[in-house]
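Right, one structure below, let's go through it.
Each reported figure results from applying straightforward, stated rules to the coordinates on display, with no laboratory input. Since this is a predicted model, take the numbers as computed values, not measurements. Every residue, glycine among them, receives a Cβ derived from its backbone with ideal geometry; neighbour counts consider all protein chains shown.
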Amino acid sequence: MNILAISGSPRPARNTASLMKLVIECAKTYASEVNTMWCNLNDMTYSGCQSCLACKDPAAKSCVRKDSLAFVLDVMLASQAWVIGTPVYMGHVSGQLKLLLDRMYGFTGPNGEKRLPAGKKVVVAITQEADEECHTDLGEQIASWLSRWGLETRIIRACSMPVAAPAPEFSQAVKEQADVLGKWLVTP
Ligand SMILES: Cc1cc2nc3c(=O)[nH]c(=O)nc-3n(C[C@H](O)[C@H](O)[C@H](O)COP(=O)(O)O)c2cc1C
């Protein structure tokens with residue numbers, strides 16, 4: 001199966017990317033053929049939604065803007081599972097990820113019809129410096145938006161992850177949850 005990993009963190013090997021990799025490594029232990037395409041949004045040049053509404057043309061299949069996000073949106077349409085990662089920035093997803101979420105507007109057609117094929121699964125991996133009592137509703141908020149496109153979404157959150165720590169260390173509870181979600185991601 002094909003997993004698309006989309007990281008909204010500017011740091012390719014720190015907390016968020018490590019959490020995403022943990023989930024994907026766990027997924028690989030439950031399925032023999034897992035192909036991962038990794039995408040660091042921070043390395044790409046793209047804009048946010050321009051509200052041009054060209055995506056609402058019945059002939060469009062998604063956002064029509066031809067910058068480097070166009071390829072990512074195409075792969076989102078084609079892959080069976082996504083792992084989306086973000087650090088919490090000022091209480092929300094990173095700006096890099098927010099622009100992508102806005103561009104997903106084109107995954108809905110002119111009459112509200114869903115253009116994403118049904119059955120896709122998504123794990124959203126969130127890391128934050130604050131403890132688990134903070135930002136409790138962020139994951140639910142993202143999952144609720146993704147459900148509008150018919151996406152089945154699960155959240156994994158690693159809290160108390162300082163931005164200045166030399167290397168990420170995950171709690172046993174996070175490791176166990178990564179295992180559960182990795183299995184869920186690749187189980188039909
Ligand atoms: C610009 C900026 C804003 C941040 N805002 C928050 C925040 O609102 N709440 C929080 O708990 N952590 C916040 N953090 C900390 C990061 O979310 C956290 O350390 C995260 O794990 C870093 O992920 P990374 O290693 O992938 O960059 C912020 C960090 C930065 C750089």
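Considering only the range 31-53, state which residues are assigned to a loop (DSSP other than H, G, I, E, B), surrounded by 13 or more Cβ atoms within 10 Å (Cβ to Cβ) and β-branched (V, I, T). Show your work before the answer.
Of the range 31-53, the ones assigned to a loop (DSSP other than H, G, I, E, B) are 31-34, 44-53.
Going one step further and asking which of them are surrounded by 13 or more Cβ atoms within 10 Å (Cβ to Cβ), we end up with 31, 34, 44, 46, 48-49, 53.
Once the filter is applied, which keeps residues that are assigned to a loop (DSSP other than H, G, I, E, B), surrounded by 13 or more Cβ atoms within 10 Å (Cβ to Cβ) and β-branched (V, I, T), the range 31-53 yields only V34.
Consider S51 carefully, then state whether it is farther than 19 Å from V123 by Cα and away from the ligand (no atom under 16 Å from the Cβ). Show your work before the answer.
Values: farther than 19 Å from V123 by Cα: yes; away from the ligand (no atom under 16 Å from the Cβ): yes.
Judged against the criteria, S51 is a match.
Give the range 141-161 a look and list any residue that's out of contact with any Pro (no Cβ under 7 Å at 6 or more places or on another chain) and within 16 Å of the ligand (Cβ to nearest atom), or say none.
Residues of the range 141-161 out of contact with any Pro (no Cβ under 7 Å at 6 or more places or on another chain): 141-160.
The answer is Q141, I142, I155, I156, R157, A158, C159, S160.
Search the range 69-124 for residues being more than 14 Å from the ligand (Cβ to nearest atom) and of a type in the set (D, E, K, R), and hand back the single one that is surrounded by the most Cβ atoms within 10 Å (Cβ to Cβ). Before the answer, list the steps.
Of the range 69-124, the ones more than 14 Å from the ligand (Cβ to nearest atom) are 69-82, 99-123.
Restricting the remaining residues to those that are of a type in the set (D, E, K, R) gives 74, 102-103, 113-115, 120-121.
On the way: D74: 12, D102: 15, R103: 24, E113: 9, K114: 13, R115: 15, K120: 20, K121: 20.
Going through the qualifying residues, I end up with R103.
Mind checking which residues of the range 137-179 are in contact with a helix residue (DSSP H, G or I) (Cβ under 9 Å, 6 or more places away or on another chain) and aliphatic (A, V, I, L, M)?
Residues satisfying the conditions are I142, L146, L151, I155, I156, A158, M161, V163, A165, A167, V174, A178.
Based on what the data block shows, is C49 touching an Asp or Glu at 6+ places or on another chain (Cβ under 6 Å) and closer than 21 Å to F170 by Cα? Before you say what the answer is, go through the steps one by one.
Numbers: touching an Asp or Glu at 6+ places or on another chain (Cβ under 6 Å): yes; closer than 21 Å to F170 by Cα: no.
No; evaluated as a whole, the condition is false for this residue.
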